[in-house]
Every structure is written in structure tokens, then in C-alpha cells.
Amino acid sequence: MPTVSRRELTLAILWSMFIVLLASVPYVAGQAQAGGRYFCGLVSAVDDGNVYLQWIRQCAEGSWTLSNQYSADEGRGLSVNLFFLGLGRAARLLHLTPPQVLGAARVLAGCLCLVAFFLLACAFSPSPAFRWTALFLVSLAGGFGWLCELLPPGALPFQPVDYSTRWLYQPETITFLSVLVNPL
């Protein structure tokens, strides 16, 4: 594996922090809303996010198992999720709300994801140009869905995963969107 200088790793960490800070702007704007409005701490995928928040709350209240309280079926709480268990216990220990804990986890996980990708790029090439190009593309690229807007309908024999109706899109396929939405 090619070696990574301390300076290059520090710059990659700083870049990752910048990207996560950029992805945090909508959260800061939401929190700054006045006029009696409440910001739930979610900017996208609110339906999934509310389930995550309820699981964090359940674990903060001492539960080890998770139940979906947004279901018509009375769940018995059979599943265990160590990630949400850890977030719930952290919320209770630090006296934080579930949105605060989920937001902190999103920031930490986003930084770790981008630094891990940079280290992966370092394993493939000793070239700093390759490493940084890879990190920039992964950090900021939005996929190839924009091609669908330039071409006539049906010109592509496939539909890119990042170009779809709102309910079908996958934030996990686009790194920046994943850093923006959740820590999973």
C-alpha cells in the first residue's frame, strides 16, 4: 500500500470536514427558523428519519429492542440494532435529544466515510492527483442522472439509479446526498 503523508491525511480530513459542514447548511437554516416553528432535524427522507428518531428515543428510555410505532401493527419490539442502541444510550448519557444525537452521528459518519474513501484511493494509487480527483468526485459528484435531462426520453436503454421519481431515489448511491441525509 502506498504511504500517505501526515500532511496529505490532514488535508483529506479537513476536506471531509468542509464537505460535511457544507451538507450541514440546511440543518443550520432549519434550526434558525423563527415564528413558533419547530425543526425536527430532518431535511430529506423524513419518513425514514422519524423512524430512526423514535428508535433512538426508545433506546434512550432504556429499551433494548425496537418497535415501529408508525405501523398499524402493534409491534412487539423484536429487533435489536446496535447503532441505534448506541445512539440512544449516548442521548441519555449526554442529555441530548434524538435529533441532536442523529445530527452528531451524521457529521461524524460523513467525515469517517470520506476519509475512509480517501484511504481506499491511496491503496489504489501512489499518485496524489489520482487520490484527490477521486476524493473530489466522490465528495461532490451527483451521479449521471443529469444525462437524462440532456437526452430525449427513452434515448438511454436504462434509467440511472440517481434519476428517478422522488420515492424511488437512493441517497446511498450519491455520497454527498448520503452525507446530507443520514449517518447510516
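The values are calculated or read from the model by the stated rules, or taken from the named source; none is laboratory data. As the structure is a prediction and not an experimental result, all values here were calculated from the model. Using ideal geometry, Cβ is built from the backbone for each residue, glycine included, and neighbour counts are taken over all protein chains shown.
Quick one: count up the residues across segment 47-63 that are farther than 10 Å from Pro98 by Cβ and buried (at least 21 other Cβ atoms within 10 Å of the Cβ). Final tally of qualifying residues: 0. Based on what the data block shows, is Gly143 touching a Phe, Trp or Tyr at 6+ places or on another chain (Cβ under 7 Å) and either modelled with pLDDT under 80 or closer than 30 Å to Gln58 by Cβ (or both)? Here the answer is no, as Gly143 does not meet what is asked. Here no helices (runs of 4 or more DSSP H) wholly within segment 1-98 include at least 3 residues being among the acidic types (Asp, Glu) and under 17 Å from the mean Cα position of the chain (by Cα).
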